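Written out below as structure tokens is the structure these notes cover.
Where a number appears in this text, it was derived from the coordinates with a stated rule and is not lab data. The structure displayed is predicted, hence computed values, not measured ones. FYI the Cβ positions are ideal-geometry reconstructions off the backbone, even for glycines, and counts take in every protein chain you see.
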Amino acid sequence: MNWILYLLAILCGVGTALQSGVNSQLRKSINNPLFAAVISFTVGFITILIIFPIFNKNALPSFSTLKSMEWWKWTGGFFGVFFVTTVIMTIDKVGSANMTALIVGGQLITAMVLDHYGFLGFNIHQINFWRVLGALLIVGGVYLVMKN
């Protein structure tokens, strides 16, 4: 079963790279980066509306459950908008490989801190020599990818 999860994670990376290119071309076609993000999220919203009834097997949360959640649990959409809009506005200047390398570097460093302290409900995975070495190798790879 783990190999399926790993494959899905790899496909997320493939999808992110493709999404960045597609959204960049959309921005060029309409000459408006913010409206390109609106179109991207609208298509995503319609897609989730279509697949939701097919794959959702859980009961919907009550209004009181939604109302009682901590405010920060609502911010995931903000990060999605920040990501997509930033990529749309910068990928042509930074380049696809550079953008991906920088994103992965930022994700890895943040993920290691989240894992180390168990922030946001993650299981604790202490930072150790091997994790630091892996992060340094990736940061070194980011540098090499960006070196012209």
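Side notes on the structure shown:
- Pairs of Lys residues in the chain, spaced 8 or more positions apart or belonging to different chains, with C-alpha separations under 24 angstrom: 4 in total.
- Most fluctuating residue given options 99, 69, 89, as computed from a GNM of the chain linking Cα atoms under 10 Å: 69
- Its residues counted as N, the chain yields a C-alpha radius of gyration over 2.2 N^0.38 Å of 1.24.
- Convex hull projection area averaged over all views, segment 31-105, Cα basis, nm²: 7.3
- Here the Karplus curve 6.51 cos²θ - 1.76 cosθ + 1.60, taken at θ = phi - 60°, turns the phi angles of segment 18-25 into couplings of 5, 4, 4, x, 4, 5, 5, 5 Hz, with x standing for Gly and Pro.
- Once exposed loop trypsin sites (Lys or Arg not before Pro) are cut out (DSSP; at most 13 other Cβ, 10 Å), longest piece of the chain: 58-146
- In segment 73-132 the Cα-Cα distances spread across 10 Å bins starting at 0 as 20, 39, 29, 12 percent of all pairs.
- Extension gain, residue 129 to residue 42, is 27.0 nm, computed as 0.36 nm per intervening residue step minus the present C-alpha separation.
- The chain - percent relative contact order, Cα under 8 Å, separation 6 or more: 23
- Remark: spin-label model distance residue 65-residue 5 equals 2.3 nm, labels positioned 7 Å along the Cα→Cβ axis.
- Segment 62-99 residues near the modelled residue 49 label - backbone nitrogen below 20 Å, point 7 Å along Cα→Cβ: 77-78, 81
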